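The structure under discussion appears below in the form of structure tokens.
Readers should treat all values here as calculations from the given coordinates under stated rules, not as data from a laboratory. Since this is a predicted model, take the numbers as computed values, not measurements. Cβ: placed from backbone, ideal geometry, glycine included. Neighbour counts: every protein chain shown.
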Amino acid sequence: MLPVDVHVHRVSGRLGLIGHKVSADAAHNLLQALLPEDARSIYDFHKGLLRHGQRTCVYEHPHCSKCLLTDLCDYYKGITQPA
């Protein structure tokens, strides 16, 4: 079972894996469906997004210049491309 804490929820939303208005409960089901069913994959995904949300993709001022995921990130594309 994939835990969706604030970090996983925020990073998933910024990457476009879930919609911006998706609740943590709904995000759990959506993200779980994207992953293989083995416990190791679920744990690694959770741990990776958790750490990324704590260290790079922080709440108020994400460190996009240090991020390795900018080519996949809806949030980054939204702040760097003209409207």
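I need 42, 79 ordered by Cβ neighbour count within 10 Å, fewest first.
Values: 42 17, 79 10.
Sorted ascending by nearby Cβ count, the order is 79, 42.
Relative contact order for the chain: what is it in percent, counting Cα pairs under 8 Å that are at least 6 residues apart? Spell out each step's value before the answer.
Working: 75 pairs, mean separation 29.6, N = 83.
Relative contact order of the chain: 36 percent.
For the chain, find the longest principal axis of its Cα atoms and tell me its angle to the long axis of helix 6-15, 0 to 90°, nearest 10.
The answer is roughly 60 degrees.
Treating cross-link reach as a plain straight distance, find the lysines whose alpha-carbon is under 23 Å from the alpha-carbon of residue 66, omitting any fewer than eight places away in the same chain.
By straight Cα distance, residue 66 reaches 47, 77.
What is the angle, in °, between the Cα long axis of helix 39-55 and the longest principal axis of the Cα atoms in the chain? Nearest 10 is fine, range 0 to 90.
Computed tilt is about 30 degrees.
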